[in-house]
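Each reported figure results from applying straightforward, stated rules to the coordinates on display, with no laboratory input. This structure is a prediction, so every number in the text was calculated from the model and none was measured. Every residue, glycine among them, receives a Cβ derived from its backbone with ideal geometry; neighbour counts consider all protein chains shown.
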Amino acid sequence: MTPEDFGKIVRERRKQEGLSQEELADRVGISRNYLSQIERVQATNLSWQVMERLSAVLGLQADQDTTTLPPGLPEFAEAASLPPDDVLMLARLKYRGQQPTTPEKWELLYKVIKMAVED
């Protein structure tokens, strides 16, 4: 899903739910201004955490079709028995527009993320 698609879906779903930008922003833990930027596709560096929180609050289901996952990720995800949410988080990550391409590199990235967020 492109950022443009995501912003449009967020706006449509927010309106369907009868939420103001302020209400949704409060529930997600972001500013109303930032939510407005997301909806207008003007937000830069939209993090996967914010996307996940918006998706969760609005009840959006991310596309979990493995045919759209980056190369190497389906193999790593299956071998490591990753939860679907972790697979989606990894699939959305890019560094300077690039992603890992082998199961081994996905595993390394996943381990680094786990180390960084665990207490």
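Could you work out the mean projected area of the convex hull around the alpha carbons of region 66-117, in square nanometres to one decimal?
On the way: hull surface 13.8 nm².
Average of the hull's projected areas for region 66-117 equals 3.5 nm².
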So what's the convex hull volume per residue for the Cα atoms of the chain, in Å³? 114 Å³
Helix 103-117 versus the longest principal axis of the chain: what angle, 0 to 90°, nearest 10, using Cα atoms? 60 degrees
By how many nm would the segment from residue 19 to residue 53 grow when fully extended, if each residue of separation counts as 0.36 nm and the alpha-carbon distance is taken off? 10.7 nm
Net +/- balance of residues flanking residue 99 in space, Cβ distance below 11 Å, scoring K and R +1, D and E -1: +4
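Can you show me the helix-derived [θ] at 222 nm for the chain, built from DSSP H runs with n ≥ 4 at -39,500 (n - 2.57) apiece and divided by the number of residues, rounded to the nearest 500.
Numbers: 7 runs with 73 residues, N = 119.
Taking each H run of at least 4 residues, the total per residue is -18500 deg cm²/dmol.
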Could you check the spin-label model distance between residue 34 and residue 5? Points 7 Å from the Cα along Cα→Cβ, value in nm. 2.4 nm
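Could you tell me the calculated FRET efficiency between residue 75 and residue 118, based on Cβ-Cβ distance and R0 = 22 angstrom, to the nearest 0.05? Before the final figure, lay out the partial values.
Working: r = 24 Å, r/R0 = 1.10.
The pair residue 75/residue 118 has a calculated efficiency of 0.35.
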The extension gain from residue 26 to residue 98, computed as 0.36 nm times the residue separation minus the Cα-Cα distance, is 22.7 nm
